[in-house]
Amino acid sequence: MQKEYHSQIEKEFAEYLVTLGYPRDSILYEPAFLAANGRSQYRPDFLIVDPVKNERLAIIEIKGSVQISDDRKYNQLKAYSKSVSEDNIPFYLVTPSNDSVSPFDLYIFDSDGGLIPTDFALFPTFRALTAEDAADRKSGLRTEKVDAVESFQKVSWFLAFIVFSIVVADFFCVQNEIVLLTTERMALIGAVVALIVFPFAQKFKGLGIEWEKATKDDHGS
């Protein structure tokens, strides 16, 4: 984490993050990165990362209270929030506190880009952020697994129909002394079925490994 900041509030907030349990190497100051569209480049005030997995966890912008009331600044932050949300990264806006109760004031954006004042006590700890990231990955893996199972079921029914049709055709061919299914042809059909099923087996195995990793990360957080 860099020692030089553009404002006193940035310095104070960085120090406050450390008191919340954020590792110093998880707090990146003004890093440059591309948004989800691959074209826009952003340099937020703070980017929170998982130093072990090198994954982005949250983005934090520090602004003065006067800047929040400025329409141009507000529209910039609104557009920024919408772009960042494409990456599914939590976005927080922090300003100097207007009272003596909270160290800072906290804002989040709703789905329409509206600014919502939020109790600063709800600002997540580093452990909460990493747990949320693991939960999101588990949710994504669960959806991917369901999709894979549904695809496999459709393929299985299709293969069953094809094999049944071949067996029925072979039965009628036998009645007319026509050889349809030879040993070689049956072996070929089996090989084709195996080639179709094998990628699904690999997919399920990979999803199982990823699920185990996400579960371990969740328990370790």
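Overview of results
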{"read-out": "Qualifying residue in region 28-39 (condition: surrounded by 15 or more Cβ atoms within 10 Å (Cβ to Cβ) and polar (S, T, N, Q))", "value": "no"}
{"read-out": "Region 120-132 residues that are crowded, with 17+ Cβ neighbours inside 10 Å, paired with ones that are among the aromatic types (Phe, Trp, Tyr) and part of a loop (DSSP other than H, G, I, E, B) (beta carbon under 8 Å, 6 or more apart)", "value": "Phe126/Tyr22"}
{"read-out": "Residue list for region 28-64, restricted to those being among the aliphatic types (A, V, I, L, M) and without any contact (Cβ under 8 Å) to a residue 60 or more places away in the chain", "value": "Leu28, Ala32, Leu34, Ala35, Ala36, Leu47, Val49, Val52, Ile59, Ile60, Ile62"}
{"read-out": "Residue in region 18-35 that is modelled with pLDDT under 80 and not in a strand (DSSP E or B) present", "value": "yes"}
{"read-out": "Enumeration of residues in region 10-36 that are farther than 16 Å from Ile62 by Cα and in contact with a helix residue (DSSP H, G or I) (Cβ under 8 Å, 6 or more places away or on another chain)", "value": "Val18, Leu20, Gly21, Tyr22, Pro23, Arg24, Ser26, Ala35, Ala36"}
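The values are calculated or read from the model by the stated rules, or taken from the named source; none is laboratory data. Fair warning: this is a prediction, and the values are worked out from it, not measured in the lab. A quick note on method: Cβ atoms are made from the backbone with ideal geometry, for glycine too, and the neighbour counts reach across all protein chains shown.
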